[in-house]
Amino acid sequence: MASPIRIALQKSGRLSEDSYQLFKACGIRFDYGTGKLKSVSSNFAAEFLFLRDDDIPGYVEDGVADLGIVGENVAVETGRHVTTVHRLGFSKCRLSIAIPRGEAYTDIRDLDGKNIATSYPRLLGTYLAEQGVSAAIHEISGSVEIAPSIGLAEAVCDIVSSGSTLLSNGLKEVETIFRSEAIMIAHPALPAEKQTLLDQLLFRINAVQAAKN
Ligand code: ATP
Ligand code: ZN
């Protein structure tokens, strides 16, 4: 049998279940949710690594994994050199700027000279530069939405799906800067036998997606 293709999946979080279900729908069996770091498929030349999502683009760039599933937001933010091979249509969300509900807002220029807290400094920085707005970006790793209430920043830039987290923190969404979904990424130069396995996998994924629509 060919040497297996290595696929990095999120260990536990918002991408995990749908990632697993995708392979299951493709008829690829492996143990999942056992707490192990690695699992070998019993019926396809693939082995799975279970990691934190933020680490996946780096492992794929370095070739530790051949493929990975991550949110596009994370793939772009990490700035790693990887190839997007498929858009998967799940874990949809957006990256938005939000401000306290009581504040007036006309347009993006209102953010000039303000402090914005985010876990996505690269995506936010690119957007502000495109818009010609100069604001101070404060990188924080979690609980971004509490930053205005503790006086750390006048605005936040964070992932939104339903908007209920913003609402419960007294914030309102004023700009959407990026729309994301789960994507499959690959090492930019896969060896031929791995590329063949990827092609077989994509053929199955396309069939599964076509059957759904
Ligand atoms: P890990 O422990 O692996 O680092 P995490 O807490 O960083 O996980 P999750 O919250 O599981 O990440 O989110 C994983 C991805 O799911 C996000 O990067 C994003 O692409 C997507 N996502 C979809 N909806 C949401 C949401 N409401 N909040 C956060 N992320 C979401
Ligand atoms: Zn993460």
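Brief remarks on what is shown
- If you check Asp31, Asp18 for being modelled with pLDDT of 95 or more, in the same structural domain as Ala207 (by TED's automatic domain parsing) and part of a loop (DSSP other than H, G, I, E, B), only one passes: Asp31.
- Yes/no for Gly27 being over 26 Å from Ala210 (Cα atoms), of a type outside the set (A, V, I, L, M, F, W, C) and surrounded by fewer than 19 Cβ atoms within 10 Å (Cβ to Cβ): no
- The lone exception for Ser91 - which of (1) outside any helix (DSSP H, G or I); (2) more than 30 Å from Gly63 (Cα to Cα) it fails: (2)
- Residue match in region 77-88 (condition: touching a Ser or Thr at 6+ places or on another chain (Cβ under 7 Å), over 15 Å from Ile5 (Cβ atoms) and either touching a residue at least 24 places away in the same chain (Cβ under 8 Å) or not charged (D, E, K, R) (or both)): no
- Single match in Gln131, Gln195, Gln209 (criterion: among the polar types (S, T, N, Q), surrounded by fewer than 19 Cβ atoms within 10 Å (Cβ to Cβ), touching a residue at least 24 places away in the same chain (Cβ under 8 Å) and at negative phi): Gln209
- Top-ranked residue in region 6-35 [being of a type in the set (Lys, Arg) and within 22 Å of the chain's Cα centre (by Cα); ranked as farthest from Arg52 (Cα to Cα)]: Lys24
- Sole exception among (1) surrounded by fewer than 19 Cβ atoms within 10 Å (Cβ to Cβ); (2) within 13 Å of ligand 1 (Cβ to nearest atom); (3) not aliphatic (A, V, I, L, M) for Arg122, by number: (2)
The values are calculated or read from the model by the stated rules, or taken from the named source; none is laboratory data. This one's a predicted model, so the numbers in the text were calculated from it and none came from an experiment. Counting neighbours? That spans all protein chains shown, and the Cβs are built from the backbone with ideal geometry, glycine included.
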